[in-house]
Amino acid sequence: MNALNQIILEGNVCRQPEKRTFDGNFRVCTVPIAVSRRFKNREGKNDEEVSYFDIDTYGNLADACEKWCPTGRGIRVVGRLKQDRWTGDDGKKNSRIKVIAEHVEFKYFNKKDNDGTEIKAEALEADLGTAGPSKKQKLAMLAQAAQAAQNEQEAGEVNF
């Protein structure tokens, strides 16, 4: 039987992504997201739970996420789970599951200012030092990020 390890998460960026560079060129960007789940509780009332995940992206996808994932932006992540295991200084065995992104889709969004005034996504992206992209540019950006992830996977650059 073939093993299957794939996950799809959709949520909102809850803190500014953190990008790190190793050995001069190896890039990792961690994007923290919040994912909400709505359900009816035992009393029949609507309820909600929120789960938080750190999404690790690599290479060109890390560059795109650093640039296009401000706090509040909705994203959809297709990836896989990876378990890290280590022994701490105290001799205790530790384990952590993290999400490795293979594809990230950036959702359109509007955000409200402190006074309740709506700020368009283009304005937020302009604040990030870029011009607000058109729909065609956004599609090209998604295609570029997907192609970069595919190229890295085929080249064996990212094999965590």
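Per the listing Ala34, Ala3, the residue uniquely under 20 Å from His103 (Cβ atoms), under 17 Å from the mean Cα position of the chain (by Cα) and either without any contact (Cβ under 8 Å) to a residue 60 or more places away in the chain or open to solvent by less than 70 Å² (accessible area, probe 1.4 Å) (or both) is Ala34.
For the structure I just gave you, tell me whether Thr71 is modelled with pLDDT of 90 or more, among the polar types (S, T, N, Q) and under 24 Å from Val35 (Cα atoms). For Thr71, the condition - modelled with pLDDT of 90 or more, among the polar types (S, T, N, Q) and under 24 Å from Val35 (Cα atoms) - is met. When Glu43 is tested against (1) part of a strand (DSSP E or B); (2) more than 12 Å from Ala101 (Cα to Cα), just one condition goes unmet, and that condition is (1). Regarding region 67-80, can at least one residue be identified that is open to solvent by 80 Å² or more (accessible area, probe 1.4 Å) and closer than 22 Å to Glu105 by Cα? Yes, region 67-80 contains a residue that is open to solvent by 80 Å² or more (accessible area, probe 1.4 Å) and closer than 22 Å to Glu105 by Cα.
Residues in region 17-27 that are open to solvent by 100 Å² or more (accessible area, probe 1.4 Å), outside any strand (DSSP E or B) and modelled with pLDDT of 95 or more: 0 in all.
The values are calculated or read from the model by the stated rules, or taken from the named source; none is laboratory data. Owing to the predicted nature of the structure, the values given are computational and were not obtained by experimental measurement. As a convention, Cβ positions derive from the backbone with ideal geometry for all residues, glycine included, and neighbour counts pool all protein chains shown. Note: areas computed on protein heavy atoms with side chains; ligands, DNA, RNA excluded. Shrake-Rupley method; radii C 1.70, N 1.55, O 1.52, S 1.80 Å.
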